[in-house]
């Protein structure tokens, strides 16, 4: 016969839902609100069931969201989105808007009117 230790039963954490929320970069506090529990509860269940803090778990699972976003940006650029092409060129390839010509000196001209009194 199992002995009843008392206290409230542990809250169930739907890890599939947590993984999806991590991919969307929902914070732990936001996820706790969605799952109707306190952040400390998610962190405790994560330590018990996953062997790591929620912060560590979040870092692992949020990477898939970054990968998906990066893929969409790349696809958008390759489909001809010039704004995304420029942005990716600057951020991934180190390109910039600066001119290779350097400073350009302009000559000044003096114009004299011949019809002036």
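Extending 7 Å from the Cα toward the beta-carbon at both residue 115 and residue 30 defines two label points whose distance is 6.9 nm.
Taking all Cα pairs closer than 8 Å and separated by 6 or more residues, the relative contact order of region 37-88 comes to 17 percent. Label sites at residue 10 and residue 55, each approximated as a point 7 angstrom past Cα along Cα to Cβ, lie 2.2 nm apart.
Normalising the Debye intensity of region 15-93 to I(0), with uniform scatterers on Cα atoms only, and taking log10 at q = 0.12, 0.13, 0.17, 0.20 Å⁻¹ returns -0.46, -0.51, -0.68, -0.80.
Any read-out appearing in this document is the output of simple, stated calculations on the displayed coordinates, not a laboratory observation. Because the structure is predicted, anything quoted here is derived from the model rather than measured. Ideal geometry is used to build each Cβ from the backbone, glycine not excepted, and the neighbour counts take in all protein chains shown.
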